[in-house]
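The values are calculated or read from the model by the stated rules, or taken from the named source; none is laboratory data. The structure displayed is predicted, hence computed values, not measured ones. Every residue, glycine as well, gets a Cβ built from its backbone with ideal geometry; the counts of neighbours run over all protein chains shown.
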Amino acid sequence: MAVNELKKDGICRILLAEDDEDMRRFLVKALQKAGYDVVSFGNGVDAFERLKEEPFTLLLTDIVMPEMDGIELARRAAELDPELKIMFITGFAAVALNPDNEAPKDAKVLSKPFHLRDLVQEVERMLAA
């Protein structure tokens, strides 16, 4: 499926999985302000269920979450939609960079803490690629 088909009214759709409620609200607000359509969940299980129902352009996920962590979510999401772009946000960069975790190879890692401007720039860069 072409990325253009994933744009609802020309807007890139982002699926956000972040278990920290304050961080999730903060990220949603910043991404919506930048013009993205954002659907967010507090865990990987719910995010994956939504991903099975409809297409997204980008999966933005925390790595360390209860139930289903971000790496498992990303693996399953990439199997479901190989075109899906994936970005991890984490305070545990060493976890993300471990080659044994089988994270999708094209995934980008953004380490916390980060400035919202940096997040938006990285998202724009990924979606333009």
Taking R24 and the conditions (1) surrounded by 15 or more Cβ atoms within 10 Å (Cβ to Cβ); (2) part of a helix (DSSP H, G or I); (3) in contact (Cβ under 8 Å) with a residue 24 or more places away in the chain, which numbered condition does it fall short on, given that it satisfies the others?
(3)
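Take L31 and tell me if it is of a type outside the set (S, T, N, Q), assigned to a strand (DSSP E or B) and either in contact with a Cys (Cβ under 7 Å, 6 or more places away or on another chain) or modelled with pLDDT of 95 or more (or both). Spell out how you get there, then give the answer.
Working: of a type outside the set (S, T, N, Q): yes; assigned to a strand (DSSP E or B): no; either in contact with a Cys (Cβ under 7 Å, 6 or more places away or on another chain) or modelled with pLDDT of 95 or more (or both): yes.
The answer is no for L31.
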Among residues belonging to segment 72-129 that are part of a strand (DSSP E or B), among the aliphatic types (A, V, I, L, M) and closer than 19 Å to D46 by Cα, point out the one that is modelled with the lowest pLDDT.
I89
Mind checking which residues of segment 113-128 are free of Cβ contacts under 8 Å to residues at least 60 places away in the same chain and surrounded by fewer than 16 Cβ atoms within 10 Å (Cβ to Cβ)?
P113, F114, H115, R117, D118, Q121, R125, A128
Which pairs do you get when a residue that is closer than 19 Å to D20 by Cα, found in segment 85-99, comes within reach of a residue that is charged (D, E, K, R) and modelled with pLDDT of 60 or more, reach meaning Cβ atoms under 6 angstrom, with the pair 6+ apart or on two chains?
M87/K108; I89/D62; G91/K112
Looking at D46, is it of a type in the set (D, E, K, R), assigned to a helix (DSSP H, G or I) and at negative phi?
yes
